[in-house]
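Some notes on the structure that comes next.
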Amino acid sequence: MVKFSRYERLFSSVEARDSNVLGCNNRVIVGSLSKSSPSSKRETKIFFLAILLLLATIQIVLHHYVTRGNDIISLETASHPSKCLEFVHITKTGGSAIERAGFEHGINWGACHYTNIKEVGCSNPDIEYTPPNFQSYELTSPWHMPPSMLSEYIRNNSALGKNPYDGADLFTVVRNPYDRIVSEYYCPWQGFSPKFGIGNKTKTQDINDPIKLNNWIKDMITKLSAAMKVFDENNRDITGRIIKRKQGKKYNKDPGILAQKHFVNQVNYIFDNNGNVIVKNILHYENLSDEFHSLMKKYGLSDLELPNKQSGGVYTDTNSLEKKMTYRELDEESIRIINNFAKPDFERLGYTMVEKKFAEDYSLEATVSNLH
């Protein structure tokens, strides 16, 4: 049995005793080589000499033609699932770090499918996509759309191209809603003082102010809830399916808070419209490094590592990490509003809901989830 080390895949298939398993981004797992039983010693010698010559030729060719990301994975990993793996990016759950980890190994996940993002490192999109010059719930940031909604949007809007989730096993990361919304407050795209996105610039203000944090949360959730209600009332039929509508500045312009899909409930990404689980692998932000490593190992991608948040985090201001507020700055009214809005996340994902304030021993980690 011949054991392969990692090489870049140059050929479309390799003859194997076991069926080859082709994963996302053309990463392929090769089974053991077919065995032959020549009728004579002479034929046996010729057979093995030919095999050795072929292997030597392949090694020389592969040494000179290296294409990033198309690995032949060693035999030890040949037991991982046959489907490719795709990432579903819920906002403020470490998704940009996952996209970076994938792209550094030649894998497009999330936003990297659609666009170039310097901060993440994406530079080779494989889905044709033209961002709208207006805010659209359907067309803006498709990598943040729940998978079931993306399928509907693609049916209604050819501008979104192909669906990266088709035929794939999906994974996502979930986070305690209290902790997640504080992270949204600091988000450089849609937070209190956005660096890249839409909103008022407030760099001259002290953003690490609990009063500003709680006022922002109440205002943001109130506006998002109202925008979602208006959209659903005007753009869904009696079965709940999204109605195709004309796209353009003169036809529709959704609020940015809706179009950007920040703080959409996480269970909306995990279930389809009928309540069926469609994201097979659920990781937890509170234990992300270990769970990510285990999942990558399962799918034969154990070389993928998340960047260190302190030294290589995506959209992380390393100078202010120690200064940032936490969920413990949430006041009673903010807790009540978060509980009401994110109730499905607490109930289905196993995070503990509090009534008025956090006990000293409160844990952000999920207990028992209810995904079935």
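The values are calculated or read from the model by the stated rules, or taken from the named source; none is laboratory data. Being a predicted model, the structure only gives us computed values, none of them experimental. Every residue, glycine among them, receives a Cβ derived from its backbone with ideal geometry; neighbour counts consider all protein chains shown. We work out accessible area using only protein heavy atoms, side chains counted, and drop any ligands, DNA or RNA first. Shrake-Rupley method; radii C 1.70, N 1.55, O 1.52, S 1.80 Å.
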Of the conditions (1) assigned to a loop (DSSP other than H, G, I, E, B); (2) modelled with pLDDT of 70 or more; (3) polar (S, T, N, Q); (4) open to solvent by 60 Å² or more (accessible area, probe 1.4 Å), the single one that Asn215 does not satisfy is (1)
#### Entry: Filter pass, Asp169 being open to solvent by 30 Å² or more (accessible area, probe 1.4 Å), farther than 22 Å from Phe341 by Cα and either within 15 Å of the chain's Cα centre (by Cα) or at pLDDT 85 or above (or both)
no
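Hey, could you check the range 341-367 for residues that are among the acidic types (Asp, Glu) and farther than 23 Å from Ser225 by Cα and say which is most open to solvent (accessible area, probe 1.4 Å)?
We begin by selecting, within the range 341-367, every residue among the acidic types (Asp, Glu); these are 345, 347, 355, 360-361, 365.
With farther than 23 Å from Ser225 by Cα added as a condition, the list becomes 360-361, 365.
Working: Glu360: 169, Asp361: 131, Glu365: 103 Å².
Looking at residues that are among the acidic types (Asp, Glu) and farther than 23 Å from Ser225 by Cα, I get Glu360.
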Cys112 meets each of (1) at pLDDT below 80; (2) closer than 26 Å to Leu295 by Cα; (3) in a helix (DSSP H, G or I) with one exception, condition (1)
**Request:** Considering every residue within the range 137-155, establish whether at least one is surrounded by fewer than 19 Cβ atoms within 10 Å (Cβ to Cβ), assigned to a loop (DSSP other than H, G, I, E, B) and small (Gly, Ala, Ser).
**Result:** no
Scanning the range 87-133 residue by residue, the ones that are acidic (Asp, Glu) and either open to solvent by less than 50 Å² (accessible area, probe 1.4 Å) or touching a strand residue (DSSP E or B) at 6+ places or on another chain (Cβ under 7 Å) (or both) total 1
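Scan Asn200, Asn208 and give me the residue that is at pLDDT 70 or above, outside any helix (DSSP H, G or I), out of contact with any helix residue (DSSP H, G or I) (no Cβ under 8 Å at 6 or more places or on another chain) and open to solvent by 40 Å² or more (accessible area, probe 1.4 Å).
Asn208
Hand me the list of helices (runs of 4 or more DSSP H) wholly inside the range 254-302 holding 1 or more residues that are over 27 Å from Met220 (Cβ atoms). I'd like the intermediate steps shown before the answer.
On the way: elements: 256-259, 267-270, 288-298.
Answer list for the range 254-302: 288-298.
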Checked the range 105-125 for anything of a type in the set (A, V, I, L, M, F, W, C) and closer than 15 Å to Ile90 by Cα; matches are Trp109, Ala111, Cys112
For the range 219-240 the number of residues that are open to solvent by 70 Å² or more (accessible area, probe 1.4 Å) and hydrophobic (A, V, I, L, M, F, W, C) is 2
Those residues of the range 105-131 that are touching a residue at least 12 places away in the same chain (Cβ under 8 Å) and in contact with a Ser or Thr (Cβ under 6 Å, 6 or more places away or on another chain) come to a total of 2
